[in-house]
Amino acid sequence: MPFVELETSLPAERLPPGLPLKLCEATATILGKPAERVNVTVRSGMPMVLAGSAEPCAQLVVSSIGVVGSAEQNKQHSARFFDFLTAELGLGTERIVIRFYPLEPWQIGKNRTVMTFL
């Protein structure tokens, strides 16, 4: 059950139509998870500074069970997420940062329990 949060200083009107759904589909493909399990949040117009500059930028946070737990995995994921984000947002790679967080099943609540028991 991946959670993906995109924050960008770009205003909403500069984002491509359907970005949350496109990011959901891209995440499912990149992480090898069903789209039905992917959760996406997109926040635009955020006041942000990246690498000391207030030029347009974006941060992506990717949290998931079992697929973001090693440098080798995240190196591959990073390249593919960067390809998606640069194409969709029109930002250079130097204006995007990605953070990966591995999750355990007991850290995600769903249907009045946690994923450990589902």
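Would you check if there is a residue in segment 44-67 being open to solvent by less than 50 Å² (accessible area, probe 1.4 Å), assigned to a loop (DSSP other than H, G, I, E, B), at positive phi and free of Cβ contacts under 8 Å to residues at least 24 places away in the same chain?
No.
Consider A71 against the criteria (1) free of Cβ contacts under 8 Å to residues at least 60 places away in the same chain; (2) crowded, with 17+ Cβ neighbours inside 10 Å: it satisfies all of them except one. Which criterion is unmet?
Unmet for A71, out of (1) free of Cβ contacts under 8 Å to residues at least 60 places away in the same chain; (2) crowded, with 17+ Cβ neighbours inside 10 Å: (2).
Report whether or not V61 is modelled with pLDDT of 95 or more and either touching a Gly at 6+ places or on another chain (Cβ under 8 Å) or closer than 17 Å to L19 by Cα (or both).
Judged against the criteria, V61 is a match.
Does segment 78-85 contain any residue that is polar (S, T, N, Q) and free of Cβ contacts under 8 Å to residues at least 24 places away in the same chain?
Checked segment 78-85: at least one residue is polar (S, T, N, Q) and free of Cβ contacts under 8 Å to residues at least 24 places away in the same chain.
Would you confirm, using the coordinates I've provided, whether T116 is in a helix (DSSP H, G or I), under 15 Å from the mean Cα position of the chain (by Cα) and among the polar types (S, T, N, Q)?
No.
Test A28 against the stated conditions and say whether it is within 15 Å of the chain's Cα centre (by Cα), small (G, A, S) and closer than 24 Å to F117 by Cα.
yes
The values are calculated or read from the model by the stated rules, or taken from the named source; none is laboratory data. No experiment lies behind these values; they were computed from the predicted model shown. Counting neighbours? That spans all protein chains shown, and the Cβs are built from the backbone with ideal geometry, glycine included. Keep in mind that these areas ignore ligands, DNA and RNA; they rest on the heavy atoms of the full protein, side chains included. Shrake-Rupley method; radii C 1.70, N 1.55, O 1.52, S 1.80 Å.
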